[in-house]
């Protein structure tokens with residue numbers, strides 16, 4: 001059985017949620033696996049991360065170097081190559097960092113790469129079978145890969161549920177000395193914090209959220225009128241921001257804002273996992289979409305199969321009639 | 001600056017309901033509307049804007065079949081100077097690594113200062129750009145939403161990270177960047193533009209032209225294989241409101257009132 005490693009990201013002295021999820025994923029590959037955490041960073045906060053990971057992992061490989069203080073995938077890749085053994089399986093979260101790191105790492109390790117894994121069916125001999133999604137989540141695919149020369153698996157965040165277990169009291173193994181110089185052709189310069197914007201959608205209890213189905217800028221007014229009638233605020237998914245129809249600060253999703261409303265009206269959006277990742281707190285979710293195959297219907301409480309450009313104005317009119325103050 | 005953009009022709013998921021074929025080994029592809037992968041189109045636009053400022057040429061390449069030529073022509077109508085179709089029976093069934101191997105062979109014979117890809121395509125894999133960079137020993141950055149040429153040797157790029165935050169990086173040329181949607185506003189391509197490039201010769205390159213080892217690509221070399229497609233068993237699924245639109249509207253209003261959705 002190949003050794004299983006999990007690369008753990010962290011921020012402000014706290015390990016990413018994927019740390020526990022990757023333990024659960026490792027057990028899907030091998031029920032008796034004792035995965036090893038591997039993490040990179042620098043400074044006292046990083047030491048806290050490493051000792052915290054000992055609750056979840058029997059062994060935590062720590063690479064502490066000043067060049068690794070900020071997680072630059074180009075530098076981290078080189079550091080990992082110095083310490084990872086041949087033919088291992090490495091788990092990484094499929095987020096902005098995993099997308100940056102893993103595909104190139106798989107080439108350097110001469111290992112197979114499977115991105116955005118949503119389920120693991122198991123390992124038989126050298127054949128690992130996993131599930132991925134394609135075509136915007138409309139269909140799933142079983143994918144088989146040959147892990148005889150190792151594998152890098154990027155796991156979709158949030159899908160592997162950690163199991164409650166007693167803290168393992170693992171040990172930290174300092175691997176820093178095995179990593180020599182880390183020259184890089186890509187250098188971190190600075191961070192740019194997200195715009196707050198005129199309306200803070202993260203604090204709103206009711207959101208009318210629009211996706212690609214709104215079709216053109218002029219139609220945004222249809223959603224705004226509904227939101228006004230409901231006493232709600234308009235938010236959106238990525239395509240609406242890409243088209244410059246709404247400000248970035250209105251975007252819900254992993255590359256936008258995380259919202260926690262009581263009621264969420266998903267209008268004309270497919271429900272990509274990146275979008276759903278930005279909706280927390282299990283709101284009452286109503287999906288309106290003319291495509292009955294849209295993945296949003298899998299997660300919504302209430303589904304309406306209709307064209308939002310016709311349905312929303314009618315909804316607005318009825319609300320105005322039924323709520324006297326909105327007349 | 002000489003820029004290569006790697007593009008792919010994909011079924012347009014926003015226009016199509018994707019269904020499985022009977023055998024379950026592929027999606028039902030008849031009647032699907034195909035177009036250039038959206039993120040790749042942003043990458044071409046970005047390349048065109050860089051070349052407009054800095055000078056140089058934009059080449060668009062795709063690994064595929066004759067049918068894929070249409071997206072190359074479309075991107076030439078947008079303004080790309082050259083297009084290359086990489087196509088050979090030996091390439092079919094390649095996994096991500098195989099496609100990267102093919103592109104590496106092309107780039108080694110035809111060097112570029114900058115290589116762009118879209119952030120991801122229809123398979124949601126987001127893998128070929130990073131693999132190609134690693135094979136070429138070029139630096140790589142993904143999820144790029146701004147590119148500024150600093151000088152002939154380096155770029156300043158902005159990457160999207162979590163929560164709408166961004167990070168600024170400096171990256172040496174040559175490099176590979178995966179471009180995020182929304183980086184620019186891709187120009188419109190009319191029928192007239194497409195007609196103007198209808199007769200432009202687009203070279204097709206195969207195993208022999210690229211000098212790629214046939215055993216390193218294609219189905220036989222693929223270590224990552226799709227076994228089948230399936231539609232996952234529905235979770236709890238939404239309760240669908242049926243009926244005339246007016247009835248559905250009234251039902252929804254009652255529900256919204258009960259859940260605090262009307263204030």
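Overview of values
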item	result
Filter pass, residue A:219 being more than 10 Å from every other protein chain (Cβ to nearest Cβ) and in a helix (DSSP H, G or I)	yes
Per-region count, segment A:122-141, residues touching a residue at least 40 places away in the same chain (Cβ under 8 Å) and either closer than 28 Å to residue A:85 by Cα or more than 10 Å from chain B (Cβ to nearest Cβ) (or both)	3
Some residue of segment B:229-250 being assigned to a strand (DSSP E or B), surrounded by 14 or more Cβ atoms within 10 Å (Cβ to Cβ) and under 25 Å from the mean Cα position of the chain (by Cα)	yes
When residues of segment B:80-109 are limited to those that are in contact (Cβ under 8 Å) with a residue 40 or more places away in the chain and assigned to a loop (DSSP other than H, G, I, E, B), the one farthest from the chain's Cα centre (by Cα)	B:88
Filter pass, residue A:226 being under 25 Å from residue A:200 (Cα atoms), more than 9 Å from chain B (Cβ to nearest Cβ) and in a loop (DSSP other than H, G, I, E, B)	no
Spans of strands (runs of 3 or more DSSP E) in segment A:90-175 with at least 3 residues touching a strand residue (DSSP E or B) at 6+ places or on another chain (Cβ under 9 Å) and within 27 Å of residue B:25 (Cβ to Cβ)	A:112-117, A:119-124, A:127-134, A:139-146, A:151-155
Segment A:195-210, subset in contact with a helix residue (DSSP H, G or I) (Cβ under 6 Å, 6 or more places away or on another chain) and assigned to a loop (DSSP other than H, G, I, E, B), residue surrounded by the fewest Cβ atoms within 10 Å (Cβ to Cβ)	A:195
Elements of type strands (runs of 3 or more DSSP E) in segment B:117-211, at least 3 residues being surrounded by 19 or more Cβ atoms within 10 Å (Cβ to Cβ), facing another protein chain (nearest Cβ under 10 Å) and in contact (Cβ under 8 Å) with a residue 60 or more places away in the chain	B:175-179
Index of the failed condition, residue A:250 passing every other in (1) closer than 21 Å to residue A:225 by Cβ; (2) at the interface with chain B (Cβ under 7 Å from one of its Cβ atoms); (3) touching a strand residue (DSSP E or B) at 6+ places or on another chain (Cβ under 8 Å)	(2)
Residue match in segment A:298-309 (condition: at pLDDT below 95 and touching a helix residue (DSSP H, G or I) at 6+ places or on another chain (Cβ under 8 Å))	yes
Residue in segment B:33-48 that is surrounded by fewer than 17 Cβ atoms within 10 Å (Cβ to Cβ), modelled with pLDDT under 95 and in a loop (DSSP other than H, G, I, E, B) present	yes
Matching residues, segment A:55-69, being part of a loop (DSSP other than H, G, I, E, B) and within 29 Å of residue A:184 (Cα to Cα)	A:65, A:69
All positions within segment A:182-194 that are part of a loop (DSSP other than H, G, I, E, B) and either within 7 Å of chain B (Cβ to nearest Cβ) or in contact with a strand residue (DSSP E or B) (Cβ under 7 Å, 6 or more places away or on another chain) (or both)	A:185, A:193, A:194
Hey, residue A:240 surrounded by fewer than 22 Cβ atoms within 10 Å (Cβ to Cβ) and within 13 Å of residue A:308 (Cβ to Cβ) or not	no
Conditions (1) more than 19 Å from residue B:193 (Cβ to Cβ); (2) within 15 Å of the chain's Cα centre (by Cα); number of the one not met by residue B:42	(1)
The listed residue being more than 28 Å from residue A:275 (Cβ to Cβ) and more than 10 Å from chain B (Cβ to nearest Cβ), out of A:117, A:173, A:112, A:147	A:173
Only listed residue being free of Cβ contacts under 8 Å to residues at least 60 places away in the same chain and under 23 Å from residue A:58 (Cα atoms), chosen from A:193, A:177, A:144	A:177
Test: residue in segment A:102-116 that is modelled with pLDDT of 95 or more, closer than 30 Å to residue A:44 by Cβ and not assigned by TED's automatic domain parsing to the domain that holds residue A:211	yes
Residue among A:60, A:32 that is in contact with a helix residue (DSSP H, G or I) (Cβ under 9 Å, 6 or more places away or on another chain) and assigned by TED's automatic domain parsing to the domain that holds residue A:86	A:60
Residue list for segment B:222-241, filter: more than 7 Å from chain A (Cβ to nearest Cβ) and modelled with pLDDT under 95	B:233, B:236
Residue that is modelled with the lowest pLDDT, among those in segment A:270-293 that are surrounded by 24 or more Cβ atoms within 10 Å (Cβ to Cβ) and out of contact with any strand residue (DSSP E or B) (no Cβ under 7 Å at 6 or more places or on another chain)	A:270
Among (1) outside any loop (DSSP other than H, G, I, E, B); (2) under 28 Å from residue B:227 (Cβ atoms) - the single one residue B:69 does not satisfy	(2)
Residue in segment A:259-269 that is closer than 27 Å to residue A:17 by Cα, crowded, with 19+ Cβ neighbours inside 10 Å and out of contact with any helix residue (DSSP H, G or I) (no Cβ under 8 Å at 6 or more places or on another chain) present	yes
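The rows are residues; the columns are (1) more than 7 Å from chain B (Cβ to nearest Cβ); (2) part of a helix (DSSP H, G or I).
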site: A:265; (1), (2): yes, no
site: A:293; (1), (2): no, no
site: A:306; (1), (2): no, no
site: A:311; (1), (2): no, yes
site: A:317; (1), (2): yes, yes
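The values are calculated or read from the model by the stated rules, or taken from the named source; none is laboratory data. Bear in mind that the values here come from a model prediction, so they are computed numbers and not experimental data. Glycine also receives a Cβ, built like all others from the backbone with ideal geometry; neighbour counts cover every protein chain displayed.
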